[in-house]
Structures are given as C-alpha cells and as structure tokens.
1. How many residues does segment 11-45 contain that are within 11 Å of the ligand (Cβ to nearest atom), open to solvent by 30 Å² or more (accessible area, probe 1.4 Å) and more than 15 Å from GLY83 (Cβ to Cβ)?
2. Tell me which residues, restricted to segment 111-141, are within 16 Å of the ligand (Cβ to nearest atom) and surrounded by fewer than 20 Cβ atoms within 10 Å (Cβ to Cβ).
3. Which of the strands (runs of 3 or more DSSP E) found entirely inside segment 14-107 contain at least 1 residues meeting this: free of Cβ contacts under 8 Å to residues at least 40 places away in the same chain?
4. Give ARG101, ARG106 a once-over and let me know the one that is more than 16 Å from the chain's Cα centre (by Cα) and open to solvent by 50 Å² or more (accessible area, probe 1.4 Å).
5. For THR123, only one of the following conditions fails: (1) part of a helix (DSSP H, G or I); (2) within 23 Å of ILE11 (Cβ to Cβ); (3) not small (Gly, Ala, Ser). What is its number?
6. Answer yes or no as to whether GLY163 is open to solvent by less than 60 Å² (accessible area, probe 1.4 Å) and either under 17 Å from VAL53 (Cβ atoms) or touching a helix residue (DSSP H, G or I) at 6+ places or on another chain (Cβ under 6 Å) (or both).
7. Among what's in segment 46-61 and is open to solvent by 30 Å² or more (accessible area, probe 1.4 Å) and closer than 26 Å to GLU133 by Cα, pick the residue that is farthest from the ligand (Cβ to nearest atom).
8. What pairs come up if the first residue lies in segment 117-138 and is among the aromatic types (Phe, Trp, Tyr), the second is open to solvent by 30 Å² or more (accessible area, probe 1.4 Å) and within 12 Å of the ligand (Cβ to nearest atom), and their beta carbons are under 8 Å apart, counting only those six or more places apart or on different chains?
Amino acid sequence: MIPPDKTPSRIAGMFDAIAPRYDLLNHLLSAGLDRRWRDAAVDALALREGSRVLDLCTGTADLALATVRHASSASVIGVDFAGEMLRLGAVKVRSASLESRIRLVRGDAASIPVSTGSCDAATIGFGIRNVAEPQRALIEIARVLRPGARLAILEFGQPRIPGVRTLYSWYFRYLLPLVGRMISKHQSAYSYLPASVGAFPSPAEFAKILAATGFSQVRAVPLTFGIVYLFTAEKR
Ligand SMILES: C[S@@+](CC[C@H](N)C(=O)[O-])C[C@H]1O[C@@H](n2cnc3c(N)ncnc32)[C@H](O)[C@@H]1O
C-alpha cells in the first residue's frame, strides 16, 4: 500500500477546503459519537483548578471547547496550521463567549509556538495521524508540558470483534468516503481518511512511540469497539 501524502501544505490545504463541512460530517459520520469520544479524552486529563491545556491539531476547536466546558477554570491554547479550520473555530469560541479561555494560534506540530514547560496537560483529537513527523510532534508536546502533566490523544482504530470489524471496514472504506465526497464536495479528503488510518501504527506500536518520546504510564483504551482509541500518558 502506498502511504498517503502528508506534505504539510497538502494536509493544511485539504483541511482548509473541507472546513465549512467539517463539523457537520464529523457528527453525521460518527452518529454523534465524536462528542462522547472528546469528552472521554477530557475526563482522562483529570484537570486541576486553573490548568493550562495545549490542544494540538485543534481544527475547529471542538476539543478545546469540550475542555473548558468540562473544567470551569481551565484555559486552552489551540494550535493548528489550517487557517480556515481555525477561523471557524474562532467563530465558535466567540459565539460561546469563551475568548478569554481559548486562544487559537496558527502553527505547526513540528515546532509548537508555546514555551517550554508551560502547559499542565495536552490533547490531540484525530490529528496525530495527519502529522508528517508524529515522533517530532510528540517530542515537541513533551517539551511544552511540565513534568507529570497528562496527555490524551484520540485516534481512529479498527474494531477487534470479527463481525463488527467486517461491517465497520465496509462502512469506513466505501460508505464514508462516498458520503464525505458528496457533502464536502472534496474529491479525496474522505478517501484519505481510511487510507491514513490504515497507514497509522497499531495501538501497541503507537504506545511504544509515546514511551520512546518522553512519556510514561502509557495506556491505549479502545472506545466504541475499538473504532477509536484513547491514548493516555504522563510527561516523564
Ligand atoms: C481531523 S482534524 C481534527 C480537528 C479536531 N482536533 C477535532 O477533534 O475535530 C485534524 C487537524 O489537524 C491539523 N493538522 C494536521 N497536521 C498538522 C500539523 N503538522 N501541525 C498543525 N496542525 C496539523 C489539520 O489542519 C486539521 O485541522
């Protein structure tokens, strides 16, 4: 299988192009489960009063919004390199009157525009698989976190129960790209999705990568039959 092209300009351009339909398709294609998955990630952070959280690959800021809604005194810095995703995220942040608690910044995961040791927790929702150099991004996250800070990463996986796996695989490979193409009007973004999930390391392999990039207490928890994995870890 040819690995998907993750050139940063291509990935940012793709997300900019699908940005207007991104939230709608997320909720539709996951039957609303995406909200639950984000809530599970925020729960896993066990945030303390006044925590400062980095949300890398923040996109339209849904995970940043879930974080501040969950932890009433937390603040989030959301980083993404797709300007149009960020613009739509900023509209949502403003309409929720949360500008004082969520700051959205344009930047690349390879060089996070946040100072060393300044964050109490970090999240990535469905973003790490798109990053050209995931190890480099994880080392960057470890840099900006204080020791002992928690990390929660959501990423798509593959169900382990055989019947569910077959059904889901058909949905993910055929129906999802079709619906995604019809609604987003983008020819390849929703075919890239299953291709990029297929090329991503297995949960066990990704857990090893986390352990090798500065994290301990690594756990990979399957959500909804393993359609999604929640990876949690602590900065050493
Ligand atoms: C599938 S979206 C996820 C958005 C959001 N976290 C969510 O839960 O819906 C992936 C996002 O990652 C961003 N992204 C991918 N690679 C990136 C990189 N190297 N640096 C910054 N952002 C990146 C894309 O621009 C896109 O907005």
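1. So the count comes out to 4.
2. SER111, PRO113, ALA132, GLU133, GLN135, ARG136, ILE139
3. On the way: elements: 52-56, 75-80, 102-106.
Per the criteria, 75-80, 102-106.
4. Numbers: ARG106 fails: more than 16 Å from the chain's Cα centre (by Cα).
Among ARG101, ARG106, only ARG101 is more than 16 Å from the chain's Cα centre (by Cα) and open to solvent by 50 Å² or more (accessible area, probe 1.4 Å).
5. So THR123 meets the others, but not (1).
6. Details: open to solvent by less than 60 Å² (accessible area, probe 1.4 Å): yes; either under 17 Å from VAL53 (Cβ atoms) or touching a helix residue (DSSP H, G or I) at 6+ places or on another chain (Cβ under 6 Å) (or both): no.
Here the answer is no, as GLY163 does not meet what is asked.
7. Residues of segment 46-61 that are open to solvent by 30 Å² or more (accessible area, probe 1.4 Å), as a first pass: 46-50, 52, 57.
Now narrow it down to the ones that are closer than 26 Å to GLU133 by Cα: 52, 57.
Values: ARG52: 18, CYS57: 3 Å.
Once the filter is applied, the top-ranked residue is ARG52.
8. PHE126/CYS57; PHE126/PHE156
The values are calculated or read from the model by the stated rules, or taken from the named source; none is laboratory data. Since we're looking at a predicted model, the values are computed, not measured. Positions of Cβ are backbone-derived with ideal geometry, glycine not excepted, and every protein chain shown enters the neighbour counts. Side chains are part of the model used for accessible areas, which takes the heavy atoms of the whole protein and leaves out ligands, DNA and RNA. Shrake-Rupley method; radii C 1.70, N 1.55, O 1.52, S 1.80 Å.
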